[in-house]
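Asks: I'd like to ask you about the structure that follows.
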Amino acid sequence: MKLQCPHCKTTFQVDESEYAAIAAQVRGAELEKEVSRRVTELEQRYTAEAEAARLKQMHELQEREALKDREAAELRLQVERLTMQVSSFQTEKAAEMAKHEADAREKMARLKESKDLEINDLRSKLLSVDARHALAMEKERSASRESLMQKEQALAELTLKLKNAEVAAENKIHEINERNSVLLRAKDEEIEHYKDMKSRLSTKLLGETLEIHCRNVFDRARSYGQFINAYFEKDNDASGGSKGDFIFRDYLDGREFISIMFEMKNEDENSVNKHRNADFLDKLHRDRVAKNCEYAVLVSTLEADSELYNEGIVDVSYRYDKMYVVRPQFFMAVISMLSRTARRGAEKLISLNHELEVARAQSIDVTKFEEKCNKFVMSFSKLVESHIAKQDDALARLDKEIEQVEKHAENLRKIRSLFETSKQKLLKANEMAETDLTIKKLTYGNPTMRKKFEDARKEDLTHEGD
């Protein structure tokens with residue numbers, strides 16, 4: 001197989017093993033790049049989600065504080081309104097009392113003047129007039145006292161309402177503060193709960209095993225149209241002494257392009273003997289090699305307080321090649337990441353193979369002609385070698401006959417000479433076939449065939465350059 005360097009344009013020959021090694025290097029580099037990019041995206045997304053949650057909480061708290069401030073402002077406005085009403089009522093009552101007193105003084109003055117002017121004519125009527133005036137004054141005072149009492153009662157009611165409103169406002173403010181405190185505590189507890197849930201199984205997983213959870217998650221993703229052609233089953237082959245939990249294989253154009261060995265490890269929070277993820281990596285590596293899987297993934301809830309493993313997908317390839325440790329919530333994420341990267345490499349290999357097949361199909365006529373020529377030369381050479389072997393055997397027998405039958409020596413020598421001559425002719429014919437039966441000599445004097453061979457070679461070089 002020929003490859004061309006994209007920089008120096010040098011064409012060099014590689015076999016299938018070297019080509020597979022180059023393809024594995026390309027796929028490995030792309031995988032490392034994709035893993036790094038995916039880890040960066042997960043970190044950025046996690047940071048953005050945390051920041052968005054914090055901003056949302058601050059916004060909700062500010063809205064609740066603004067609502068509380070608006071309610072307090074409304075209560076203060078209501079108190080000021082009631083205070084103004086009381087002050088206005090007091091002012092009106094003082095003005096009304098002053099008016100009554102002025103009217104009374106004015107009436108007394110008028111009565112005094114009329115008394116001086118009509119004292120003789122009205123002396124007899126003075127007692128009746130005074131009595132009526134006293135009765136009127138009494139009625140007026142009674143009406144004034146009743147009106148004053150009503151206004152004082154109304155003032156007392158307004159004062160009581162004002163006090164009740166102040167008490168209600170204080171209770172409302174206290175209730176809002178208590179409610180805000182409860183909401184803040186609940187929000188803090190919810191945040192702690194979600195933080196803790198990132199490093200542990202979800203509430204749904206408390207009643208089921210980790211293997212069942214991963215199986216259900218994969219089946220749910222497959223029901224959405226993902227990994228239709230993939231193989232994901234339990235590893236039941238323990239012929240090598242051990243087995244993993246699940247094996248994942250996916251195919252493109254009928255060829256496997258990725259395989260993953262999965263190991264699931266769960267642990268009770270109240271367990272006394274705590275295990276570490278590193279305790280199971282060696283077994284996972286041996287199971288992966290035994291089942292001929294390219295990648296190995298440990299899905300684990302162990303070391304729940306570890307900041308390293310709680311970040312999500314952890315690459316442990318520094319200990320075992322192409323191995324990762326993930327939390328259960330990143331189970332489908334690691335499958336998607338590895339499968340997408342491997343698919344890119346497989347698609348490139350398939351594209352290169354298609355291009356090679358097209359190039360071979362275009363030059364198939366010239367190749368067949370050359371193959372026929374080479375086949376004829378090889379067949380002719382084998383025939384010559386066969387005849388030479390037979391003649392050597394005959395010559396050996398003749399030598400024995402010469403020794404046994406001396407009287408026929410001369411005739412036998414002539415026959416031997418003939419065989420020797422025939423042998424030389426056959427050797428010369430074989431040499432001529434090897435030296436003269438070539439494309440160059442066969443096309444000598446035939447410009448049509450020579451042009452066809454030159455065009456075929458140019459087209460072959462053009463495809464190799466592409």
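The values are calculated or read from the model by the stated rules, or taken from the named source; none is laboratory data. Not measured: the values here are computed from a predicted model. Using ideal geometry, Cβ is built from the backbone for each residue, glycine included, and neighbour counts are taken over all protein chains shown.
Asks: Do we have MET1 as in the same structural domain as GLU157 (by TED's automatic domain parsing) and modelled with pLDDT under 75 here?
Replies: No: the conditions fail for MET1.
Asks: While we're on this one: Within the group ARG319, ARG340, which residue is closer than 22 Å to ASP287 by Cα and surrounded by fewer than 16 Cβ atoms within 10 Å (Cβ to Cβ)? Quick ask: steps written out before the conclusion?
Replies: Numbers: ARG340 fails: closer than 22 Å to ASP287 by Cα.
Sole residue among the options that is closer than 22 Å to ASP287 by Cα and surrounded by fewer than 16 Cβ atoms within 10 Å (Cβ to Cβ): ARG319.
Asks: Restricting to helices (runs of 4 or more DSSP H) lying wholly in the range 267-366: which have 1 or more residues that are closer than 20 Å to ASP245 by Cβ, over 26 Å from the mean Cα position of the chain (by Cα) and at pLDDT 90 or above?
Replies: 281-290
Asks: Taking interchain pairs and intrachain pairs at least six residues apart, which have beta carbon atoms under 8 angstrom, with the first residue in the range 248-268 and in the same structural domain as VAL289 (by TED's automatic domain parsing) and surrounded by fewer than 15 Cβ atoms within 10 Å (Cβ to Cβ) and the second charged (D, E, K, R) and assigned to a strand (DSSP E or B)?
Replies: If the second residue must be charged (D, E, K, R) and assigned to a strand (DSSP E or B), the pairs left are GLU256/ARG249; GLU256/ASP250.
Asks: Within the range 325-352, work out how many residues are of a type in the set (A, V, I, L, M) and without any contact (Cβ under 8 Å) to a residue 60 or more places away in the chain. Steps first, answer last, please.
Replies: Step one: list which residues in the range 325-352 are of a type in the set (A, V, I, L, M), which gives 325-326, 332-335, 337-338, 342, 346, 349-350, 352.
Checking which are without any contact (Cβ under 8 Å) to a residue 60 or more places away in the chain leaves us with 325-326, 334, 352.
Going through the range 325-352 one residue at a time, the tally reaches 4.
Asks: Restricted to the range 427-466, and to residues that are under 30 Å from ASP392 (Cα atoms) and modelled with pLDDT of 75 or more, which residue is surrounded by the most Cβ atoms within 10 Å (Cβ to Cβ)?
Replies: Looking at residues that are under 30 Å from ASP392 (Cα atoms) and modelled with pLDDT of 75 or more, I get LEU427.
Asks: Sticking with this structure for a sec: How about the range 227-239: which of its residues are touching a residue at least 12 places away in the same chain (Cβ under 8 Å) and either part of a strand (DSSP E or B) or more than 21 Å from LYS265 (Cα to Cα) (or both)?
Replies: Correct list: PHE227, ASN229, ALA230, TYR231, PHE232, GLU233, LYS234.
Asks: Here is a further query. Being in a loop (DSSP other than H, G, I, E, B), at pLDDT below 75 and of a type in the set (A, V, I, L, M, F, W, C), is that true of even one residue in the range 205-217?
Replies: Here is the first cut: in the range 205-217, the residues in a loop (DSSP other than H, G, I, E, B) are 208-209.
Still in the list and also at pLDDT below 75: 208-209.
After this cut, where a residue has to be of a type in the set (A, V, I, L, M, F, W, C) as well, the list is none.
No: the range 205-217 contains no residue that is in a loop (DSSP other than H, G, I, E, B), at pLDDT below 75 and of a type in the set (A, V, I, L, M, F, W, C).
Asks: Over 60 Å from the mean Cα position of the chain (by Cα), surrounded by 11 or more Cβ atoms within 10 Å (Cβ to Cβ) and at pLDDT 70 or above, is that true of GLU92?
Replies: yes
Asks: Looking only at the range 410-425, how many residues end up being more than 19 Å from GLU385 (Cα to Cα) and surrounded by 12 or more Cβ atoms within 10 Å (Cβ to Cβ)?
Replies: Of the residues in the range 410-425, 3 are more than 19 Å from GLU385 (Cα to Cα) and surrounded by 12 or more Cβ atoms within 10 Å (Cβ to Cβ).
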